Amino acid sequence: MQSSHQIHYRVHVARKIDDIKYSDEVRTALDARSPLVALESTIISHGLPRPQNLKVAQEVEAIVRSRGATPATIAIIDGTVSIGLDPAELAAIANRDDIVKASSRDLAIAVANKMSAATTVAATAHLAVAAGIPVFATGGLGGVHRGAFETYDESADLTALSGLDITVVCAGVKSILDVGATLERLETLAIAVVGYKTLHFPGFYLTDSGFLLEHCVESADEIADILAARSILKTNNAALLVTNPVLNQMDPALHEKILQAGLKAVASQGITGKSVTPFLLEFFHSSSAGESLRVNIEIIKSNAALAADIAVARAGR
Ligand code: PSU
Ligand code: MN
């Protein structure tokens, strides 16, 4: 019997972590150097309600294909980092109850523990760069939360994108955030922002957040020009954000009403950390009689289409 002062040696069993797994279509596109678009999975697992989430995920992939690029939805399935999901894997992310929300800091832990995880913008961008996929579409980026002065709640999306050479198409940052503070942080972090066909920074569910940008681009070709210049000038160490405003926005009065009620619910129910964003998105979806869901779906589809056009324009150089 061991006495309590004995040193306990743990036997370390070397465990091989499986390599990153690529879907067949993603592998083929990477080998052929043809255009690819990375897609995140947290929007599927934690951003959209069932059963629409799976349908949207499938439709978004179809949109990317229809514009001549290959979709690479990224997630961790039972401990394997998967770049491009097969239909069963996509359904697992949409429907399984054990899918955790993983930021970049969670990736290795999820893999080592053989967990299944949906990847946030931060984690997806990290894996997309590792896989050699430089164009990425999401809905709305994370950012500085309202009240961050006290809570320090700022999305890891911002710091992750400050160190990655990737182009992210988004409808601005989520309207639940402090948009002005987020724009200041983007400037500090040297993350470039260009508005697509507008100088108005979008507000996710709203076409215009009320903040102006300095730069506007008119086409995917123009974005490809900027990408080429970034590599020559070596300013591609931080991400480029292409902000694509939603055409058919939510009614601003309804948006404001739900937002205020949602922020109150966050405070009164003590929601903190990584649960805040999924909680607020779900609050919107259940309080707006389908309006926020309709807009969120339009956002992700439109961003995927533009990201595919950028990937195609870039690959043509
Ligand atoms: N855009 C959407 N829905 C989402 C998200 C983005 O339309 O659910 C997700 C992204 O994965 C993003 C995350 O990285 O929300 C931000 O979470 P947080 O604020 O906890 O960093
Ligand atoms: Mn947070």
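The values are calculated or read from the model by the stated rules, or taken from the named source; none is laboratory data. These numbers come from a predicted model, not from an experiment. Positions of Cβ are backbone-derived with ideal geometry, glycine not excepted, and every protein chain shown enters the neighbour counts. Only protein heavy atoms, including side chains, enter the accessible area calculation; ligands, DNA and RNA are left aside. Shrake-Rupley method; radii C 1.70, N 1.55, O 1.52, S 1.80 Å.
Brief remarks follow.
- Euclidean distance between Cα centres, region 224-269 to region 129-164, Å: 10
- From phi via Karplus (6.51, -1.76, 1.60), per-residue ³J(HN,Hα) for region 237-246 in Hz, x at Gly/Pro: 7, 10, 6, 10, 9, 10, 9, 10, x, 6
- Accessible-area composition of the chain, carbon plus sulfur, in percent [1.4 Å probe]: 56
- Computing FRET efficiency as 1/(1 + (r/R0)^6) for residue 269 and residue 219, where r is the C-beta to C-beta distance and R0 is 30 Å, gives about 0.10.
- Placed amide H near residue 240: partners under 5 Å, 5+ positions off or other chain: 166, 167, 168
- Between residue 113 and residue 27, the distance separating the two model label sites (each 7 Å from Cα on the Cα→Cβ line) works out to 3.0 nm.
- Whole-Hz couplings from phi, Karplus 6.51/-1.76/1.60, listed for region 180-190; x for Gly and Pro: x, 5, 5, 4, 5, 5, 4, 5, 4, 7, 6
- Here's how it looks for residue 83: its modeled amide H is under 5 Å from those of 21, 22, 23, which are all 5 or more places away or on a different chain.
- Magnitude of the charge dipole for the chain, about its Cα centre and with charges confined to Cβ atoms of Lys, Arg (+1) and Asp, Glu (-1), is about 640 debye.
- Under the Karplus curve 6.51 cos²θ - 1.76 cosθ + 1.60, θ = phi - 60°, whole-Hz ³J(HN,Hα) for region 168-179, x wherever Gly or Pro sits: 10, 8, 8, 8, x, 9, 4, 6, 6, 9, 8, 5
- Per residue accessible area of the chain, 1.4 Å probe, in Å²: 47
- Subset of 21/101; 174/257; 101/174; 55/264; 21/301 violating a 22 Å alpha-carbon distance limit: 55/264; 21/301
- 5 angstrom amide H check on residue 208, placed H, neighbours 5+ away: 203
- Radius 13 Å from Cβ of residue 236, net charge of other residues (Lys, Arg +1; Asp, Glu -1): +2
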